[in-house]
Amino acid sequence: MTAPEVVILGAGIMGASAAWHLARRGVRGIVLLERGAAAGAGSTARATGGFRAQYATPINVRLSLLARAKLASFENDTGVDPGYAPHGYLWLASRERELAALADARRIQHASGLAEALPVTPDDIRRLNPAVSDAGLLGGAWCPTDGFIRPLDLLAGYLGAAERLGAQVRWGVEASGIELAAGSKVVAVRTGAGRIACGAVVNALGPWAASVMSDTGFSLPVTPLRRQVAATVPTDVLPAVMPMTIFVGDGFHFRVRDGRVLLLWPTLGAPGLPFDTSIEPGWVQAVVAKAHARVPVLRSVPVDAGACWAGLYEMSPDRHAILGATPGVPNLFLINGSSGHGVMHAPALGQLLAEIICDGRATTFDARPLRPERFAEGDLNPVSELL
C-alpha cells in the first residue's frame with residue numbers, strides 16, 4: 001500500500017475542513033484517523049452553533065469574515081446546507097467599562113471590515129430582544145450578520161465532500177504518537193492498529209491535541225476545558241429568530257435552538273480529560289437563577305435535565321487558534337486551540353492551513369498572529385471580555 005501523503009489526526013470539524021481544503025487543492029492520499037466509530041463523537045457535536053464576527057482582535061474578525069463568505073458557498077461546494085441563519089448577536093452592558101470594551105472592539109471590527117457592527121441603546125435592546133429585563137442596562141452592541149450555524153451539518157458537508165475527492169476516513173483508529181526521523185521530520189504516525197508511514201501530518205485533535213506531541217520537542221499549549229449547557233423543555237415563549245443575547249459582565253448568554261432555550265454561563269470549570277459530559281447540579285441552579293432574573297418569561301419554563309450536556313473547549317493561552325507548522329518539525333501542521341470558536345472558524349482555518357501546506361504561507365490574509373512560535377516569542381494576542 002502506498003503511504004498517505006497527508007495523515008490528519010481527528011475527523012472532527014477541523015480535520016474535516018483541512019481534508020476538504022487540501023483535497024480541493026489537488027492533494028491526494030489524504031487519510032483521516034478518528035478514534036470514534038462515526039462522525040460527531042467528539043467536541044463538534046457538543047457545540048451550540050453560534051456564529052459571530054464581533055471579536056476584539058483583527059485576526060478573529062478576519063477569520064469570521066472569511067468563514068462567513070465560505071458559508072455562503074458551502075452548499076454549492078459540499079452539497080450540504082450549513083444552516084447559517086443571521087439572527088444577530090446582541091451584547092448587553094450594565095457598566096461603563098463594559099460599554100467601553102464594546103466600543104473598543106467595534107473600532108477594531110470596523111477597521112477589519114465588519115462595517116455593520118453597531119452600538120445599541122436600551123430602547124434598541126427592548127426592540128431587538130423584548131424578553132430581556134432592561135433593569136440596569138446602559139446599552140450594548142449589535143451585529144445583524146452574526147447568528148447561527150449547524151455544527152454537524154458543517155461536519156457532514158466537509159467529510160462527504162472530502163471523501164468524494166478521494167480522502168479516506170479510518171474510524172476507530174486512535175493516534176498514540178508521532179515518529180520522527182533524525183529528530184526533525186515526521187515519517188509515521190503510531191496507532192493502536194499499527195504504524196502508518198506518511199509524508200506529512202495535521203494535528204486536528206481538538207482538546208486532545210497535546211497528547212501526541214511528546215516526541216516532537218514542542219510543548220503544544222492546548223488545555224481541555226469543560227463547558228456546560230442547560231436546555232429547557234420544549235417551549236415557544238421565545239421566538240426561534242431571537243438573537244444570541246450575551247451579558248458582557250459575566251458572560252451569561254442564551255439562544256433558542258430546536259424549540260428549546262439554551263442557557264450558557266462560561267464558568268472557569270476544571271480542565272482535564274477524559275471527556276466528561278455530566279452536568280453539575282450547582283451550576284444548573286446558578287445559570288437558571290441568572291436566566292430567571294434577566295429573562296422573566298423563562299421563570300415558568302423548567303430545565304430538562306436529560307437534554308443538558310457538556311463538552312470540551314480546546315484552550316490556548318491567549319484564546320486564539322494555533323495554526324501552522326510545528327517549530328522544528330516542518331511537516332507536522334497544527335490546527336488547534338480555537339478556545340470555543342472552532343466550529344465557526346473551521347471553514348477559514350481549513351483554507352488557511354491548506355495554503356500554508358501547499359503554498360508555504362497563508363495567502364488569503366496574514367495569519368502570523370496564529371503562528372505556533374508566538375508563545376516562545378512572547379507575542380501573544382490580547383485577551384478581551386469579548387473572547
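Derivation of every value follows stated rules applied to the coordinates shown; laboratory data play no part. Model, not experiment: these values are computed from the prediction. With ideal geometry, Cβ positions are generated from the backbone for all residues, glycine too; neighbour counts draw on all protein chains shown.
For a test of the definition: using alpha carbon positions, the gyration tensor, and the 1.5 limit on a/c, classify segment 99-150 as rounded, prolate or oblate. Please list the in-between numbers first.
On the way: a/c = 2.51, a/b = 1.36, b/c = 1.86.
The shape class here is oblate.
Run the numbers on the chain and let me know its relative contact order in percent, using alpha-carbon pairs under 8 Å that are six or more apart. Write out the running numbers ahead of the final one.
Details: 866 pairs, mean separation 89.1, N = 387.
Relative contact order for the chain comes out at 23 percent.
Any chance you could run the full-extension gain for A41 through R24? It's 0.36 nm times the residue separation minus the Cα-Cα distance, nm to one decimal. It would help to have the intermediate numbers written out before the result.
Details: separation 17, 0.36 × 17 = 6.12 nm, distance 2.52 nm.
Contour length minus Cα-Cα distance gives 3.6 nm.
Working only with C-alpha atoms, what are the Rg and Dmax values of segment 168-209, expressed in angstrom?
10.6, 30
So if I take the centroid of the Cα atoms in segment 13-31 and the same for segment 293-326, what is the distance between those two points in Å?
Segment 13-31 and segment 293-326 have Cα centres separated by 28 Å.
Counting pairs of alpha carbon atoms under 8 Å apart in space and at least six apart in sequence, what relative contact order in percent does segment 163-276 give?
Values: 165 pairs, mean separation 20.8, N = 114.
It rounds to 18 percent for segment 163-276.
Just to check, using Stokes-Einstein with a Kirkwood Rh over alpha carbon pairs, what's the diffusion coefficient of segment 1-107 at 10 °C and 1.306 mPa s in µm²/s?
Working: Rh = 16.9 Å.
Value of D from the Cα-based Kirkwood radius: 94 µm²/s.
What list of ³J(HN,Hα) values in whole Hz, one per residue of segment 192-201 in order, does the Karplus curve 6.51 cos²θ - 1.76 cosθ + 1.60 (θ = phi - 60°) give from phi, with Gly and Pro shown as x?
x, 9, x, 8, 10, 5, 7, x, 7, 10
Compute for segment 207-305: radius of gyration divided by Kirkwood radius, i.e. Rg/Rh, restricted to C-alpha atoms, rounded to two decimals. Show your work: numbers first, answer last.
Working: Rg = 16.9 Å, Rh = 15.4 Å.
With Rg and the Kirkwood Rh in hand, the quotient comes to 1.10.
Run a plain Debye calculation on segment 142-240 (Cα atoms as equal point scatterers, no solvent) and give log10 I(q)/I(0) at q = 0.12, 0.15, 0.19 Å⁻¹, rounded to two decimals, same order as the q list.
-0.66, -0.88, -1.13
Project the alpha carbons of segment 216-366 onto their principal axes and report the range along each, largest first, in whole Å.
57, 32, 28
Nearest 20 debye, what's the magnitude of the dipole of segment 1-157 about its Cα centre given +1 on Lys and Arg Cβ and -1 on Asp and Glu Cβ?
Details: 16 positive and 14 negative charges, 67 e Å.
Rounded to the nearest 20 debye, it is 320 debye.
If you place +1 on the Cβ of every Lys and Arg and -1 on the Cβ of every Asp and Glu, how big does the dipole about the Cα centre of the chain come out, in debye to the nearest 20?
Numbers: 34 positive and 33 negative charges, 33 e Å.
Roughly 160 debye for the chain.
Relative contact order for segment 275-387: what percent, with Cα pairs under 8 Å and sequence separation of 6 or more? Can you show the working numbers first?
Values: 108 pairs, mean separation 25.7, N = 113.
Normalised by residue count, the contact order of segment 275-387 is 23 percent.
Expressed as a fraction of 2.2 N^0.38 Å, the rule-of-thumb size for a compact globular protein of N residues, what is the C-alpha radius of gyration of the chain?
Working: Rg = 20.8 Å, N = 387, 2.2 N^0.38 = 21.2 Å.
So the Cα radius of gyration is 0.98 times the expected 2.2 N^0.38 Å.
Rounded to the nearest 500, what is the 222 nm mean residue ellipticity of the chain from helices alone, with -39500 (n - 2.57) per DSSP H run of 4+ residues and division by all residues?
Values: 8 runs with 106 residues, N = 387.
The helix contribution divided over the chain gives -8500 deg cm²/dmol.
If you look at just the Cα atoms of segment 284-387, how large are its Rg and its Dmax in Å?
Using the Cα atoms of segment 284-387, the pair Rg, Dmax is 19.1, 58 Å.
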